[in-house]
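A short write-up of the structure that comes next.
The values are calculated or read from the model by the stated rules, or taken from the named source; none is laboratory data. Every value quoted in this text rests on a predicted model; they were computed, and no experiment measured them. Positions of Cβ are generated from backbone atoms using ideal geometry, with glycine treated the same way; all protein chains shown enter the neighbour counts. When the accessible area is computed, the model is the full protein with side chains, heavy atoms only, and any ligands, DNA or RNA have been set aside. Shrake-Rupley method; radii C 1.70, N 1.55, O 1.52, S 1.80 Å.
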Amino acid sequence: MVNPKYVYLFEEADGANKNLLGGKGAGLAEMTRMGLPVPPGFIVTTEACLHFYKNKKKLPKGLVEEVEASLRTVEEKAGKKFGSAQNPLFFSVRSGAAISMPGMMDTILNLGLNDKTLEGLIRITSDGRFAYDAYRRFIQLFGKIALGVEEKEFDQILIQTKEKAGAKEDTELDGDHLKDICRQYLRLIKKKTGTPFPQDPTVQLRLAIEAVFRSWMGKRAVDYRKEFNITPEMANGTAVNVCTMVFGNMGFDSATGVAFTRDPGTGENVLYGEYLVNAQGEDVVAGIRTPKPIQAMKKEMPKTYRELERVRKNLEGHFHEVQDFEFTVEKGTLYILQTRNGKMNAQAIVRTSKDMVSEKLVNREKAVLRLKPHELEQLLHKRIDPNFKGKPIAVGLAASPGAASGKAILDADEAERVGKLGHKVILVREETKPEDIHGFFASQGILTTRGGKTSHAAVVARGMGKPCVSGCEELRIDPAKREASIKNATVKEGDLITIDGSRGEVYLGEIPTVDPEISKDLLTILNWADEIRTLGVRANADTSESAIRARQLGAEGIGLCRTERMFNAADRLPVVREMILAGSKEKRGAAIAALLPMQRSDFKEIFRAMAGLPVTIRLLDPPLHEFLPSAEELAEELRKLKEVESAFSTMENISDAMKFLDPAFRESLGLLDHVVTDIVEIKEKRLDRKLIRKQHDTLRKVKEMMEVNPMLGHRGVRLGITYPEIYRMQIQAILEAAAELIKEGFDIQPEIMVPQVCTAQELKWVWQLVLKVQKEVEKQYGIKIPFKFGTMIEVVRACMRAGRLAEGADFFSFGTNDLTQATFSFSREDAENKFLPLYNQRKILQDNPFEVLDVKGVGRLMMIAIEWGRKTKPDLKIGICGEHGGHPESIEFSHSIGLSYVSCSVPRLPIARLAAAHAKLKEKEKKPLEKYDPDVFGIPSV
Ligand code: PEP
Ligand code: MG
């Protein structure tokens, strides 16, 4: 059998084959073929690495001969000789896998140095100190990597020599010290390995290649691959790049530097980078000298600068991507040592994408693909200024992204008061409740000491697009002292703090932030994304303000309007409570009648904001007791009221007892007498016995309504069927709002959606109610009201009965928040707070299924529901409105299983638009569903 070819000269290799050559090797090969000035060299392939492991860590047969043959060619090209004392050739030997794993594998520089070639290096650099420094570094690196001598042994020698020489820094050592260190290092190696340091450069080269191969399975590299999920399909083995060393420290016509073809911070189309004259790359890394901006080269080395400009054009023209490259100038000759795609921040990606389309370097599709949805997130929220270097005082959960500063305020009423005075506020609570909503409105951000990423605070803050740090348990709130403390810091109410909801951090004081940016360039990219995508994008929005914002951000309608948020508004909550607590049907009717115009006007404003686009309104979902204070709170209030009452009674007794006192003595107690009389009067006239009774009634009702498992309890359509007057009122409000606007000439597209449905009979029941109300409203307004009727799919049984449900629905919308809970039988709050982090850490679950859609379980249920639903009704419109609707990978999945649209929170709309375009473009790359689960095709058909 003929051995495969293991070694390729740079000019021989096909740079497109990253898997075989590694990223670095491929770049060197491409640049050589393009005619760029790359020092001569060759690549030992990743295939050789795989054979090395198959072959008990021995180099495969024929490899050494191939290396030697390539070496001869390189010597000829470089006009230098490996091992020569007169004109020595040195190599850098670098690792390089198909995927970049920076710093995880080994590299050896100045290979070929020995006692003889050292003389040559001294001569060509005219710098003895540098040559000995290079030699001692080489012996140490080679000794450690190729020969396995422990680093600390070398360090000890260095420390001792420095002590003797009275030197604090390495740089204070002179040539003689370094020469002495080289001698000691060579002795150490002989002692530790039993053989002298290999002076033969070809032996050095063989050992170095083996060492780089070994580093592929080193702990660092293995851990890195595990952490970043780098599979063998992505990178299998490392290549070894053997490249002629060129020296940037051969005088003032030599230099070394790093450059980007465009500014990676702003995206500006200018050569960007740094360089050092008469220096080696290591000087830059060690920070011994400060490099100059590359623009300074225009004056200092004009010829090289012009060459670099040409290289920049060539690289971009060839790779169609911004490049990050390394160069060295040796005696006026420019060499390019490496190139790779430049890493940039989101702002720079946006600008370069737009510019590169104008320059015809890339097409619109490529420009859209360059911007990753996760990176876009950076641009959509206020962030802490990246130049800020301070430390947080506490860290909690990153519950809603963005940064905000304001006065720490410990309750919602005070937040509202302080906010009205024009101050910025951060609401700081143990946890929040629906009745704190006015505090949310008044605040820039929310910080809680309890609760997870789905606590009330987190969910509401995300819905409002405000930053939130939740579960910051280190922080203790003392309501009596009106302060919050942590270790040795205390935040008094009113002190300025800053929270970073993207990272879960809390800072003292006002920290500088940078604003989010939807620049013109970004809008252009998003418009291109809209042209590409076929998946619809809607918003989850429940106020007219957020509907307007959603429209500005490109929403094609509302996919979920949660009506409970309206019930929680400050002016509604008391009426909603009356409705719940009503002892009779009449009383409930009165409360509901009061709610009707409020809901109607809510819907009208939302419809108006979304005129011409569909608006899905979900009928009431949460259990009613969520609108009432908690039993603990009520009991506490009652306890206090009772204490006051008993204090009054005591006073009353005193008053009675005073009748029996000696009138003269009583006279002397005149004042007390008055006080007691006043108190009795207060008790009679002012103590609100009704309040106590009302609190008693509320407590009784709350206890009555308490559920062991509210999530699986009296909610959603179950509630609608048991209290039909609530759903009736909501349906009426929706249809009346639509009718009024239609009469004004607007194009209104209401969609009524029923939550928590699990049987077709439930849906049918609500449909009958809708028909009844529709008839009445149409009669009242004298017009036909077009609308759609559909159901949430968030219960496992609903997926199983999708075929039947589709008979009574115009659309489905997957509520994947509940569907995930139901599929896993995890309560989200408990899972995220108790065991999910451990599950993720132990890789029992790869992701948090409440953030990243579980395509294998929940996803499969969705596929069944889609298949069966569309079998009944081929044009059934199907969306997703759980939080996953805004998550890029879940959006990709949603596209591939044929959903009509995703609906996400308003701030995530740009991400969803971009992700939907990515999904469409990636569709060409792979067979749609195979990626998710090979056994997905085993689904039985109905
Ligand atoms: C869902 O369950 O996914 C959903 C959108 O409903 P909610 O989050 O309001 O329960
Ligand atoms: Mg739900």
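Please grab the % of Cα pairs in segment 256-380 that end up more than 25 Å from each other.
28
Sequence-ordered 3J(HN,Hα) estimates for segment 549-560 from the Karplus curve with 6.51, -1.76 and 1.60 and θ = phi - 60° stand at 4, 4, 4, 4, 8, x, 5, 9, x, 9, x, 7 Hz, glycine and proline given as x.
Rounded to the nearest 20 debye, the dipole size of the chain about its Cα centre is 2040 debye, using +1 on the Cβ of Lys and Arg and -1 on the Cβ of Asp and Glu. Take the Cα radius of gyration of segment 407-495 and divide it by 2.2 N^0.38 Å, N being the number of residues; the result is 0.98. Centroid-to-centroid, using Cα positions, segment 471-541 and segment 846-890 are 29 Å apart. For the peptides 350-357, 605-612, the ranking by mean Cβ contacts within 10 Å, running from highest to lowest, is 350-357, 605-612. Note on segment 55-182: Rg/Rh from C-alpha atoms, Kirkwood Rh, equals 1.02. Only Lys, Arg, Asp and Glu carry charge here, each on its Cβ (+1 for the first two, -1 for the last two); on that basis segment 311-401 has a dipole of about 180 debye about its Cα centre.
Quarter the surface of the alpha carbon convex hull of segment 326-387 and you get the mean projected area, 6.8 square nanometres.
Inter-part distance, segment 712-745 to segment 150-175, computed on C-alpha centroids, equals 81 Å.
According to the Cα gyration tensor, what semi-axes, each the square root of 5 times an eigenvalue, does the equivalent ellipsoid of segment 755-899 have, listed from largest to smallest in whole Å? Don't skip to the end; give the middle numbers.
Values: eigenvalues 223, 49, 36 Å².
With the √(5λ) rule applied to segment 755-899, the semi-axes are 33, 16, 13 Å.
Simple rule: put +1 on each Lys or Arg Cβ and -1 on each Asp or Glu Cβ in the chain, find the dipole, and look at ALA664, PHE824, ALA802; the Cα lying farthest toward the positive end is ALA802.
Considering all different alpha carbon pairs of segment 471-540, the Kirkwood hydrodynamic radius works out to 16.2 Å. Computed over the chain, relative contact order equals 9 percent, with contacts defined as Cα pairs under 8 Å that lie 6+ residues apart.
The stretch between GLN780 and ASN709, if pulled fully straight at 0.36 nm per residue, gains 21.4 nm over its current Cα-Cα span. Residues whose amide H falls under 5 Å from that of VAL491, counting only those 5 or more places apart or on a different chain, are ALA484, SER485, ILE486, with hydrogens built in the peptide plane. Across segment 270-278, coupling constants 3J(HN,Hα) worked out from phi with the 6.51/-1.76/1.60 Karplus curve, θ = phi - 60°, read 9, 5, 10, x, 9, 8, 9, 7, 6 Hz, and Gly and Pro carry x. Entry note: segment 878-922 has Rg to Rh equal to 0.91, where both radii use alpha-carbon atoms and Rh is the Kirkwood radius.
Mind pulling up the Rg/Rh value for segment 547-659? Radius of gyration and Kirkwood radius, both on Cα. Before the final figure, lay out the partial values.
Details: Rg = 22.5 Å, Rh = 17.8 Å.
We get a ratio of 1.26 for segment 547-659.
Given a 1.4 Å probe and the protein chains as shown, ILE230 ends up with an accessible area of around 20 Å².
Quick one: length gained pulling LYS481 to ALA85 fully straight, 0.36 nm per residue minus the C-alpha distance? Before the final figure, lay out each step's value.
Values: separation 396, 0.36 × 396 = 142.56 nm, distance 7.98 nm.
Full extension from LYS481 to ALA85 adds 134.6 nm.
Over what distance in Å are the Cα centres of segment 65-139 and segment 292-357 separated? If we compute the Cα centre of each part, the gap is 26 Å.
Think of the chain as having a plus end and a minus end, set by charges on the Cβ of Lys, Arg, Asp and Glu; of GLN599, SER900, THR543, SER900 sits farthest toward the positive end of this dipole.
Taking θ as phi - 60° and the Karplus parameters 6.51, -1.76 and 1.60, the scalar couplings of segment 300-312 work out to 6, 9, x, 5, 4, 4, 4, 4, 4, 4, 5, 4, 4 Hz in sequence order, x denoting glycine and proline.
Each of PRO37, GLY251, ILE181 was scored by the projection of its Cα onto the charge dipole of the chain, and the greatest displacement toward the positive side belongs to PRO37; charges sit on the C-beta of Lys, Arg, Asp and Glu. With one equal scatterer per alpha carbon and no solvent term, the Debye-computed log10 I(q)/I(0) for the chain at 0.06 1/Å reads -0.60.
Across segment 1-134, the volume of the C-alpha convex hull divided among the residues equals 136 Å³ per residue.
With charges set only on the Cβ (+1 for Lys and Arg, -1 for Asp and Glu), what does the dipole of segment 129-182 come to about its Cα centre, in debye to the nearest 20? Working shown, then result.
On the way: 9 positive and 12 negative charges, 24 e Å.
So the dipole magnitude of segment 129-182 works out to roughly 120 debye.
Hey, which of these cross-link pairs are over 32 Å Cα-Cα: LYS116/LYS298; LYS382/LYS922; LYS354/LYS382; LYS24/LYS331; LYS5/LYS219; LYS226/LYS313? Distance filter (> 32 Å) returns LYS116/LYS298; LYS226/LYS313. Would you please give the FRET efficiency between VAL222 and ALA296, computed as 1/(1 + (r/R0)^6) with r the Cβ-Cβ distance and R0 = 56 Å, to the nearest 0.05? Plugging the Cβ-Cβ distance into 1/(1 + (r/R0)^6) gives 0.85.
When each of the peptides 496-504, 549-557, 533-541 is scored by how many other beta carbons lie within 10 Å of its residues on average, the order from highest to lowest is 533-541, 496-504, 549-557.
Heavy atoms only, probe 1.4 Å: what % of the accessible area of the chain goes to carbon and sulfur, would you let me know? Can you show the working numbers first?
Values: 22760 of 43030 Å².
Here it works out to 53 percent.
Take the chain with all the other protein chains still there, run a 1.4 Å probe, and you get 46 Å² of accessible area per residue.
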